[in-house]
Amino acid sequence: MPSLASRAAWLAALLVVMASAPALADRCPAPGEWQRPGEATPLAAAALFDELAEQQVILLGEQHDNADHHRWQLHTLAGLQARSPELVIGLEMLPREAQPALDAWVAGELDEAEFLAESDWQRAWGYDPALYWPILHFARLHRIPVKALNIQPTLRRRLAEESWSDIPLAERHGITVPAAAPAAYRDALAELYARHPGGDGEQGLARFITAQLAWDRAMATGLAEAAESGALVVGVIGQGHLRFGHGVPHQLRDLGVEAQRTLLPWTVGEADCTPPPANLAQAVFAMTETVAPAPPRMLGVALVPHEAGVEIHRVVEGSVAEAAGLAAGDVILGVAGEPVTHPADVSRHVRRQPAGTLLPLEVRRDGEAREVLARFPPHSP
């Protein structure tokens, strides 16, 4: 089962999958402008924020590894907080089990290192926490409650593989059965799944869509619960969960939260620009593209937990793992001299590995431990 960060990376591909369906407006926004998709004139920031202050839930999309997206989220949060002092921030990044750590962080009881340890950040999310520190420090400075919206991968797997009625409501944090996915969302998820190597056919697709809906419903439930206090709730969530009103917005409507708005960043080029598709969101903020981050390292394996480490369930053809001689059934005991106990441990090491270098893996096969060197190719010119 791919890690949470891996699934988040899959969702980033929805930006490509879903961008071409609706009609485009005639005008492309200039950097620094707000615009309603499908309209041809800029949107005044003051008027937009006045409108947002009247909502129950605001959804701020992001590409998880894009620092500019997080800067935009922080500036938007500051504008919302100025108009609505009673604010709650909801984070996709952490599961509900991390709520005590978030409460302690906002209360000033933990330093950064303690928070990362108490929240189990690397296992739960894995993306560089430096991307999120400005938002977390903003919440701490203003004593803004921060709510963990996600669920553990183990629960998401149960919800994808078992009947919801077989899982007690308390064990699923009170999350009710999701509303059926719109046809366009199912089609986009199916196309995304087809791009992932080593899929398990129709059954695998059904599990993937079910898991995605559980993920969306979990976050929508957390946001709806927070909104019951009367505070303005702002969700910081990956774009793939928000675009075109699918995902979390759809589940929020099913939960009775109609007063909601989705805001997304929109990249424009210096020489050309694609206007945002109509119905993409209630508003987009245009920004220029900065230096693109290097593509994430991929070992090319599907991993599952194992009592001794992490077991390789599948090896992708043509991958770094295949070239290193790894095979299904191998158990990874350690990476770069550190023991591993969870797929996220392996993912964390792989993402940090420089291009053109070797990553040592301690692997057990047929009861015998051995060292395997995974060679990561250099960057393409």
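Quick note: the coordinates plus some simple rules give every number you see, no bench work behind them. Keep in mind the model is a prediction, meaning the values are calculated, not measured. Every residue, glycine among them, receives a Cβ derived from its backbone with ideal geometry; neighbour counts consider all protein chains shown.
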Theoretical gain in end-to-end length, Ala336 to Arg365 [0.36 nm per residue, Cα-Cα removed]: 8.6 nm
Scaled radius of gyration (Cα, divided by 2.2 N^0.38 Å) that region 301-375 gives: 0.97
Spatial extent of the chain: Rg and Dmax, with the Cα atoms as the point set, Å: 21.1, 67
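Hey, got the dipole for the chain? About the Cα centre, +1 on K and R Cβ, -1 on D and E Cβ, debye to the nearest 20?
With only Lys, Arg, Asp and Glu charged at Cβ, the dipole is about 300 debye.
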Most mobile listed residue (Ala139, Ala44, Ala67) in the chain, GNM with C-alpha springs under 10 Å: Ala44
Global form of region 204-270, assessed from the alpha-carbon gyration tensor, a/c cut-off 1.5: oblate
Least to most buried among Asp345, Asp128, Asp366 (fewest other Cβ within 10 Å first): Asp366, Asp128, Asp345
Neighbour-count ranking [beta-carbon atoms within 10 angstrom, fewest first] of Ile167, Ile89, Ile151, Ile209: Ile167, Ile209, Ile151, Ile89
Percentage relative contact order, the chain, counting C-alpha pairs under 8 Å, at least six apart: 23
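Run through the DSSP bridge list for region 233-364 and note the antiparallel percent, rounded to the nearest 5.
70
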Of Gly309, Met298, Val234, farthest towards positive along the dipole that unit charges on Lys, Arg, Asp, Glu beta carbons give region 220-348: Val234
Prolate/oblate/rounded label for region 40-147 (Cα gyration tensor, a/c 1.5): prolate
Gaussian network model of the chain, Cα within-10 Å springs - most flexible of His64, His75, His250: His75
Relative exposure of Ser319, Ser119, Ser163, judged by other C-beta atoms within 10 Å (fewest first): Ser163, Ser319, Ser119
For the chain, share of DSSP beta bridges that run antiparallel, in % to the nearest 5: 50
Loop-located GluC sites (Glu not before Pro) in region 162-248 whose Cβ has at most 12 other Cβ within 10 Å (DSSP): Glu162, Glu228
Candidates Ala259, Ala170, Ala188: whichever shows maximal mean-square fluctuation once the chain is modelled as a Gaussian network with Cα springs under 10 Å: Ala170
Kirkwood hydrodynamic radius (C-alpha pairs) into Stokes-Einstein, region 243-381, 25 °C and 0.890 mPa s, D in µm²/s: 133
